[in-house]
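We did not get these values from a lab; they are worked out from the coordinates using the rules stated. Since the structure is predicted, the reported quantities are computational estimates derived from the model, not experimental observations. No Cβ is skipped: glycine too gets one built from the backbone with ideal geometry, and neighbour counts run over all protein chains shown.
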Amino acid sequence: MAEMQVITLWRKKCEFSKDYGILFYNFANHLKTRTMGRAFEYRKARKFKRWGNMSRMFTRYGREISIAVKEGGANPEYNTRLRAIIQNAKHDNMPKENVDRAIKKAVEKDTADYKEVSYEGYAAHGIAVYVHCATDNNTRSVANIRSYFNKYNGNLATNGSVSFMFDKKCVFIFTDTGQDIEELELELIDFGAEEIFKNEDGIQVYGDFNSFGTLQKAIEEKGFEIIKADYDYLPNTDLKQLTAEEQADVEKLIERIEDDDDVVRVYTNMA
C-alpha cells in the first residue's frame, strides 16, 4: 500500500509528461538510492584480488568449465554459463588450447566429477565469511575449510548461518564506446539490469542472478563486447567496520582460504 502511494505521488509530480517510461525510470532510480546504496558501498570497499599464480587460476577455470559443460553441454553458443567462463578465461589470458582441452576433458566419462559447494562461517571479530568451492571431494574440502577457521580464531557454521546476509547478482563488464548510461539503462532494465555505471574497465552492469542469460543475450545482441561475465554476492546489511589490527586478523584467514585449490571465491561483510 505504501509503495502504491509513492507511485501515485510520482505520477502527480510527473503528470505533465506523457512518457511513462521516463516516469518509472525516475521512480526506479528513486528506489535504487534507498535499496542499492549498500551495493555501491560494498564495491568501493572490496579489494579485488587476482588468484595467486597463473597455473592455479587456469586450474580453477578448468573446474568451472567442467561443471558448466556437465550442466549445459559443450557448445558455448547454447550454454550461457560456459560462454561466460570462456570470456573470463580469455580476459585473464588463459590460452585457447587450454580452454579447448578443458572442454574436451569435461565430456570424458572418466573425468573428475566436480561439484559446487558453499561453506559459511565467522572470522574473528564477528565477520561473516561465505566460501564457494568447486571440488571433487567434499569431505576433504570441508575438513580443510574447518581447519582454516579454527587456526585463525573463527568458526565454521551450518548452512544458512550467513548466506542470508548476501544477495546473489549477475555482473557484466563490456566495452565502453561512449554509450549514454541513462539511455543504456532504459534499454537494459527490461532484461534484468538493476545498476549500470562506468569504471576503468568499461561499463559494468549488475542485475538479478536469475536474469543472467537474458541480460547476457541482450548485451551481445546490442553489439557490445563482453569483457567479463560473472556472479557476485553483495552484502544486504551494513558493512562491519574494523580497526586496522582487527582487519589484519581477518585477512589472514581470507588469504589462507583463498590459497586452497578447491576455493573459487570468498565473500565477507567486512568494510
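Quick notes on this one:
- Descending by average beta-carbon neighbour count within 10 Å, the peptides 222-228, 204-210 line up as 204-210, 222-228, the highest first.
- Under the Karplus curve 6.51 cos²θ - 1.76 cosθ + 1.60, θ = phi - 60°, whole-Hz ³J(HN,Hα) for segment 61-70, x wherever Gly or Pro sits: 4, x, 5, 5, 5, 4, 5, 5, 5, 5
- Derived scalar couplings ³J(HN,Hα) [segment 242-248; Karplus, 6.51 cos²θ - 1.76 cosθ + 1.60; whole Hz; x for Gly, Pro]: 10, 6, 4, 5, 5, 4, 4
- Stretchable slack from LYS104 to GLU220, in nm (0.36 nm times residue separation minus alpha-carbon distance): 39.2 nm
- Of the beta bridges in segment 165-235, as assigned by DSSP with both residues counted there, near 100 percent are antiparallel.
- For segment 211-227, 3J(HN,Hα) computed residue by residue from phi via the Karplus equation (6.51, -1.76, 1.60; θ = phi - 60°) reads 9, 3, x, 5, 5, 4, 5, 5, 5, 5, 5, 7, x, 8, 7, 7, 8 Hz, glycine and proline entered as x.
- Between segment 191-247 and segment 73-152, the alpha-carbon center distance in angstrom: 19 Å
- Here the extension length gained between SER55 and GLU182 equals 41.7 nm, from 0.36 nm per residue of separation less the Cα-Cα distance.
- Our analysis of segment 160-271 gives Rg over Rh at 1.05, with the two radii drawn from alpha carbon positions and Rh computed by the Kirkwood formula.
- Gain upon complete extension [ASP208, GLN247; 0.36 nm per residue less C-alpha separation]: 11.0 nm
- Near the amide H of ASP167, within less than 5 Å, lie the amide hydrogens of LEU234, ASN236, all on another chain or at least 5 residues away, with H placed in the peptide plane.
- Estimated FRET transfer efficiency (PHE197, SER163; beta-carbon r; R0 25 Å; 0.05): 0.40
- Rounded FRET efficiency, nearest 0.05, which uses the C-beta distance separating ALA74 from LYS115 and R0 of 30 Å: 0.95
- Among the chymotrypsin sites (Phe, Trp or Tyr not before Pro) within segment 56-106, those in coil by DSSP and having at most 15 neighbouring Cβ atoms inside 10 Å are TYR78.
- Estimated FRET transfer efficiency (ASN93, HIS125; beta-carbon r; R0 41 Å; 0.05): 0.65
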